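> Structure incoming, see below.
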2 protein chains.
Amino acid sequence: MAGFADKLAAAVTRNQSLVCVGLDPDPPQVPASVRARGDWLAHFTAGIVEATADLVCAYKPNLAFYEALGADGWAGLRASLAAIPSDVPVLLDAKRGDIGSTAQAYATALFDELGADAVTVSPYLGFDALEPFLAYRERGVFVLCKTSNPGAAEFQDLLCEVHGERRPLYEHVARAAVRWSKQASVGLVVGATHPEVFRAVRAVAPDLPFLVPGVGAQGGDLAMAVNEGLDRRGAGLLVASSRAIIYASGGEDWQAAAREAARGLRDCINGLREAKAHGAASLS
Amino acid sequence: MAGFADKLAAAVTRNQSLVCVGLDPDPPQVPASVRARGDWLAHFTAGIVEATADLVCAYKPNLAFYEALGADGWAGLRASLAAIPSDVPVLLDAKRGDIGSTAQAYATALFDELGADAVTVSPYLGFDALEPFLAYRERGVFVLCKTSNPGAAEFQDLLCEVHGERRPLYEHVARAAVRWSKQASVGLVVGATHPEVFRAVRAVAPDLPFLVPGVGAQGGDLAMAVNEGLDRRGAGLLVASSRAIIYASGGEDWQAAAREAARGLRDCINGLREAKAHGAASLS
């Protein structure tokens with residue numbers, strides 16, 4: 001099995017895409033014609049994957065939406081995962097974070113049981129809570145840094161003092177993630193809301209991939225995220241979009257509409273990448 | 001359905017216990033005679049509950065250990081939950097934390113699908129990430145504050161400045177939890193490792209229940225936790241113990257051994273409670 005970083009880089013190049021499609025199966029939003037089927041969950045997620053697999057760099061199933069469906073959700077999650085081509089990485093959005101033995105059990109659940117290429121985790125418990133995930137050196141571990149929700153500032157923006165320097169908590173997390181990245185494939189979750197955050201985190205972590213939620217239905221600023229977030233190779237971003245793609249249409253054309261929405265986001269991002277590359281070239 | 005706070009108070013009084021038994025089903029630790037059965041997971045957890053239900057104030061199934069078992073784990077979790085008497089509260093240890101719509105899906109999964117009386121959550125994303133949980137006003141929401149693992153200090157102890165006052169991050173979380181407790185039944189997770197932490201958090205949050213991991217297999221200081229952590233009514237603690245109780249014996253006597261371990265912890269805690277009550281009385 002190829003490592004996450006290689007698999008991601010290959011998908012980015014092959015599909016010319018930084019789009020990460022979130023799979024958040026929420027019954028009221030699923031097209032009625034699909035919802036009426038007994039196998040709606042497997043049918044819907046497989047249909048979204050079929051319509052978009054050549055336009056994305058990764059899929060991000062969100063465990064919460066599967067868990068909310070109970071036993072059916074767990075069966076449906078396996079069907080969703082089975083529908084994803086093996087050369088497109090799967091980032092399981094789980095945001096787990098717990099002490100050693102429990103973290104080990106979560107790592108087993110996500111990496112071994114479900115076969116994730118990468119996962120999201122929460123940093124609140126510190127390094128040893130993430131170590132069982134980092135021990136899977138070929139998998140990816142995306143650490144929550146600065147999130148895109150209204151209340152993110154409450155703790156993440158608190159100014160904390162370390163060695164006499166005062167920085168927001170999220171910057172301390174980014175610095176820690178850079179240290180952790182020496183032993184594993186580590187990324188950061190950075191919401192597409194504040195340009196100064198992107199600039200600060202990219203300065204601290206020039207080489208870590210950013211998973212960027214907050215684009216699309218959450219109304220983040222895509223141009224800002226691309227301009228401030230691209231790494232020096234013009235990549236290093238996974239722009240996550242769920243609802244704006246998978247629920248692009250509630251009618252019979254849901255697959256075609258998802259494809260168009262994914263293609264539109266991909267092309268928009270690529271236009272911004274090109275503009276930035278040319279801007280940088282003309283300045284040099 | 002009785003609210004979590006009332007159900008907990010009734011169990012504390014009825015069983016004269018502050019012991020919260022953690023259900024962490026880990027195959028290598030399960031007695032071999034049990035492990036050999038096809039229905040080992042349901043048999044083991046039901047057997048632990050049967051042996052201890054009159055000695056505890058709550059059970060705390062740890063979702064990670066069930067998730068690590070895949071589809072069998074989810075079926076086993078339902079069997080575990082079904083085995084717990086309806087008058088003993090179930091605290092699902094999940095440590096979830098995510099943005100609004102996802103947090104809502106996790107709340108649905110834990111409270112509606114699985115029927116938890118209370119859950120553990122992570123504070124890193126701020127208030128709006130916890131609001132969907134707090135909206136279940138009759139359920140309990142335990143917020144990670146200071147954990148018992150070696151790396152807890154990495155972020156939780158960072159000195160953060162708010163309104164000109166510098167306090168460790170965990171104290172800011174405790175203060176926020178007190179605010180949130182005005183609209184729901186909120187508790188804190190406080191590891192049994194540092195007396196000064198217990199004192200500081202109890203001073204900030206005199207009336208919130210503390211879920212205390214780190215006793216037993218993790219080697220925390222029980223006497224310290226009871227002396228510093230009891231609230232003014234001589235309760236307000238859920239002392240969590242998992243491995244030291246449920247894996248007390250790997251032999252045929254596993255149920256009797258679990259019962260003795262639970263009874264021993266309960267009686268030890270009650271001795272400390274009495275000593276503190278008498279100490280306080282003799283000082284007044």
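The values are calculated or read from the model by the stated rules, or taken from the named source; none is laboratory data. The structure displayed is predicted, hence computed values, not measured ones. Backbone-built Cβ (ideal geometry, glycine too); neighbour counts: all protein chains shown.
> Quick test for you: out of B:Ser80, B:Ser33, pick the one residue that is small (Gly, Ala, Ser), under 20 Å from the mean Cα position of the chain (by Cα) and more than 30 Å from A:Ser148 (Cβ to Cβ).
Result: B:Ser80 is the single residue among B:Ser80, B:Ser33 that is small (Gly, Ala, Ser), under 20 Å from the mean Cα position of the chain (by Cα) and more than 30 Å from A:Ser148 (Cβ to Cβ).
> I need the full set of residues from the stretch B:1-39 which are under 20 Å from B:Glu138 (Cα atoms) and not in a helix (DSSP H, G or I), in order please. Step through it out loud before you land on a result.
Initial filter on the stretch B:1-39 (under 20 Å from B:Glu138 (Cα atoms)): B:1-13, B:20.
Passing the criteria: B:Met1, B:Ala2, B:Gly3, B:Cys20.
> Let me ask something else about it. Go through the stretch A:158-183 and count every residue that is outside any strand (DSSP E or B) and at the interface with another protein chain (Cβ under 10 Å from one of its Cβ atoms). Even if it seems obvious, please write down each step before you answer.
First pass over the stretch A:158-183, keeping only residues outside any strand (DSSP E or B): A:158, A:163-164, A:169-183.
Now drop any that are not at the interface with another protein chain (Cβ under 10 Å from one of its Cβ atoms), which leaves A:158, A:169-170, A:172-173, A:176.
Summing the residues that are outside any strand (DSSP E or B) and at the interface with another protein chain (Cβ under 10 Å from one of its Cβ atoms) in the stretch A:158-183 gives 6.
> Which of the numbered conditions does A:Cys145 fail, given that it passes all the others? Conditions: (1) more than 7 Å from chain B (Cβ to nearest Cβ); (2) part of a helix (DSSP H, G or I); (3) touching a Phe, Trp or Tyr at 6+ places or on another chain (Cβ under 8 Å).
It is condition (2) that A:Cys145 fails.
> Within the stretch A:88-107, track down each residue that is touching a residue at least 24 places away in the same chain (Cβ under 8 Å) and β-branched (Val, Ile, Thr). Break it down into steps so the answer makes sense when it comes.
In the first step, residues of the stretch A:88-107 are kept if they are touching a residue at least 24 places away in the same chain (Cβ under 8 Å); the result is A:88-100, A:103-104, A:106-107.
Listed by number, the residues that qualify are A:Val88, A:Val90, A:Ile99.
> Right, A:Leu91: at pLDDT 95 or above and either closer than 20 Å to A:Ala177 by Cα or surrounded by fewer than 18 Cβ atoms within 10 Å (Cβ to Cβ) (or both) or not? Spell out the reasoning first.
On the way: at pLDDT 95 or above: yes; either closer than 20 Å to A:Ala177 by Cα or surrounded by fewer than 18 Cβ atoms within 10 Å (Cβ to Cβ) (or both): yes.
Considered against the rule, which asks whether it is at pLDDT 95 or above and either closer than 20 Å to A:Ala177 by Cα or surrounded by fewer than 18 Cβ atoms within 10 Å (Cβ to Cβ) (or both), A:Leu91 comes out as yes.
> Looking at (1) over 17 Å from A:Ser185 (Cα atoms); (2) in contact with a Cys (Cβ under 7 Å, 6 or more places away or on another chain), can you tell me which one A:Tyr106 breaks?
(2)
Per-residue answers, yes or no, for (1) under 18 Å from B:Asp54 (Cβ atoms); (2) surrounded by 15 or more Cβ atoms within 10 Å (Cβ to Cβ); (3) within 18 Å of the chain's Cα centre (by Cα):
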{"position": "B:Arg232", "(1), (2), (3)": "no, no, no"}
{"position": "B:Gly236", "(1), (2), (3)": "no, yes, yes"}
{"position": "B:Ile245", "(1), (2), (3)": "yes, yes, yes"}
{"position": "B:Asp253", "(1), (2), (3)": "no, no, no"}
{"position": "B:Gly271", "(1), (2), (3)": "no, no, no"}
{"position": "B:Ala275", "(1), (2), (3)": "no, no, no"}
{"position": "B:Gly279", "(1), (2), (3)": "no, no, no"}
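> Now a separate question. Return the total of residues in the stretch B:209-228 being surrounded by fewer than 23 Cβ atoms within 10 Å (Cβ to Cβ), at pLDDT 90 or above and within 16 Å of the chain's Cα centre (by Cα).
So the count comes out to 1.
> If I ask for residues that are within 14 Å of chain B (Cβ to nearest Cβ) and touching a residue at least 60 places away in the same chain (Cβ under 8 Å), which ones from the stretch A:40-73 would you list? Steps first, answer last, please.
Step one: list which residues in the stretch A:40-73 are within 14 Å of chain B (Cβ to nearest Cβ), which gives A:41, A:60-73.
Across the stretch A:40-73, the qualifying residues are A:Lys60, A:Asn62.
> Tell me, please, whether a residue that is within 11 Å of another protein chain (Cβ to nearest Cβ), assigned to a loop (DSSP other than H, G, I, E, B) and more than 25 Å from A:Leu63 (Cα to Cα) can be found in the stretch B:123-141.
No, because not a single residue in the stretch B:123-141 is within 11 Å of another protein chain (Cβ to nearest Cβ), assigned to a loop (DSSP other than H, G, I, E, B) and more than 25 Å from A:Leu63 (Cα to Cα).
> Across the stretch A:82-92, what is the number of residues that are in contact with a strand residue (DSSP E or B) (Cβ under 7 Å, 6 or more places away or on another chain) and more than 12 Å from chain B (Cβ to nearest Cβ)? It would help to see each step written out before you state the result.
Here is the first cut: in the stretch A:82-92, the ones in contact with a strand residue (DSSP E or B) (Cβ under 7 Å, 6 or more places away or on another chain) are A:84, A:88-92.
Among the residues that remain, those that are also more than 12 Å from chain B (Cβ to nearest Cβ) are: A:84, A:88-91.
Total satisfying the criteria: 5.
> Within the stretch A:184-203, identify whether any single residue is more than 10 Å from chain B (Cβ to nearest Cβ), on the phi > 0 side of the Ramachandran plot and at pLDDT 95 or above, and answer yes or no.
No.
> When the stretch B:155-169 is examined, which residues are found to be over 14 Å from A:Glu171 (Cβ atoms) and more than 22 Å from the chain's Cα centre (by Cα)?
B:Leu159, B:Glu161, B:Val162, B:His163, B:Gly164, B:Glu165, B:Arg166, B:Arg167, B:Pro168
> With the structure loaded, tell me whether B:Ala116 is at pLDDT 95 or above and either assigned to a helix (DSSP H, G or I) or under 22 Å from A:Leu144 (Cα atoms) (or both) or whether it fails that test. First the steps, then the outcome.
On the way: at pLDDT 95 or above: yes; either assigned to a helix (DSSP H, G or I) or under 22 Å from A:Leu144 (Cα atoms) (or both): no.
No, not satisfied.
> State yes or no: is A:Ala82 in contact with a Gly (Cβ under 6 Å, 6 or more places away or on another chain) and at pLDDT 95 or above? It would help to see each step written out before you state the result.
Working: in contact with a Gly (Cβ under 6 Å, 6 or more places away or on another chain): no; at pLDDT 95 or above: yes.
So A:Ala82 fails the test.
> Looking at (1) assigned to a loop (DSSP other than H, G, I, E, B); (2) within 12 Å of another protein chain (Cβ to nearest Cβ); (3) not basic (Lys, Arg), find the lone condition where A:Phe155 falls short.
Here A:Phe155 meets the rest and fails (1).
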